[in-house]
Amino acid sequence: MRHTLRISLATAAITVTALSLVGCSATSAAQVQGTWGTANTTGEPWLIFEEDGSFNGSDGCNGIFGTYSVSGDTVSLGDMGTTLMFCEGVDTWLSEAASARVDGDTLIVRDRAETEIGTLERAQ
C-alpha cells in the first residue's frame, strides 16, 4: 500500500509540473497585440497585431495585411496579402512569414517550413 501511495504522489507531482510548463509556453492574443518593429519606417519591416484578429505592416517595401490566430505558443498568420512593389536594396524577408512566436519582447518569425527567417522587437 505504501508503494502505491508513493507512485500516486510521484505521478501527481509529474502531472502538476507538466501542466505548469504547458501554461508557461502558451501565448495569449494580448501578448501578441501591438506593434513589432518600427512602424511606418521606409526600408524596415514591422507588424501591428490588432485585437480583432487582423494585422498589417510592411516588409520594408510592400504593405502586408491579413488575419492571425494564437494557439499554444504559435501565432499563425492566415489569409495574408501583400502589395507587389519593387524596392531595390530592401530585404523583404517578412513577406515570407507564415507563423511567429513571442519570446519576451521579441517576435520570432518563421516561414511555411517553420524555419526562423527573422525577428522583430516590440515597439516601446
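Every number in this text was worked out from the coordinates using simple rules, so none of it is lab data. Note that the structure is predicted; figures quoted are calculated from it, not measured. All Cβ positions, even for glycine, are placed from backbone atoms using ideal geometry, and neighbour counts span all protein chains on display.
Highest mean packing first, where packing is the average number of other Cβ atoms within 10 Å per residue, the peptides 74-85, 54-65 line up as 54-65, 74-85. Computed from backbone phi, the HN-Hα couplings of segment 27-32 come to 10, 8, 4, 5, 6, 8 Hz, rounded to whole numbers (Karplus: 6.51 cos²θ - 1.76 cosθ + 1.60, θ = phi - 60°; Gly and Pro given as x).
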